[in-house]
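All of the numbers you see were taken from the coordinates with simple rules; none came from a lab. Bear in mind the structure is a predicted one, so any value in this text is a computation, not a measurement. Cβ placement follows ideal geometry from the backbone for every residue including glycine, while neighbour counts extend to all protein chains displayed.
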Amino acid sequence: MVPLSMGILVRYSFLYGEIYTTTTLDGVACWLPPGKTTPSFGRMVRIGIRNAPLQLGWTGFRRYAAIENFSGKAHKDTVPEKHWYLWGLGIEPSRQGQGIGGMLIQPVLARADNDGLPCYLETMNERNVPFYEKHGFKVVSVGEVPRHGLRVWAMLREPR
């Protein structure tokens, strides 16, 4: 499910947001800009989400949809005003801990600071929380996706 969901984030962000990566493609940061931080159904269909049920199977697709619905509600409840949304950050496992993630998110954090805008993200991995805290994010809520047992940390970074 991870390669498929990351592919969706990358395709969507390439067309409707911003992507930052390394020249060797060891990492990618997918951002959605202020005013466009809620992915639309029509755009999701255009980037190929209609194939997801076939690729994931019905059970996997229902889980993906439940996670997206839960995250979308947490997002809406946490930051209703204009902000940058770090929709996804992925680093090649063998390259983690080498500063790539921080380098990839830094350009948008600097722009957000310059424009006086917050940044928002969700993570489903508690081990990621200290990394994001190091970059100024704070946990604003923790919840669990109903019937799936997956915890979600919503994090917000106020402009500096």
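Note on Lys73: lysines with a C-alpha under 22 Å away, same-chain residues under 8 apart excluded, are Lys36, Lys82, Lys138. Highest mean packing first, where packing is the average number of other Cβ atoms within 10 Å per residue, the peptides 29-37, 88-96 line up as 29-37, 88-96. With the Cα gyration tensor of segment 71-119 giving a ≥ b ≥ c as the square roots of its eigenvalues, does the rule (a/c under 1.5 for rounded; else a/b larger than b/c for prolate; else oblate) give rounded, prolate or oblate? Taking the square roots of the gyration eigenvalues as a ≥ b ≥ c, segment 71-119 is oblate.
Straight-line cross-link partners of Lys76 among the aspartates and glutamates, defined as a Cα under 15 Å from its Cα and at least 8 positions apart when in the same chain: Glu68, Glu122.
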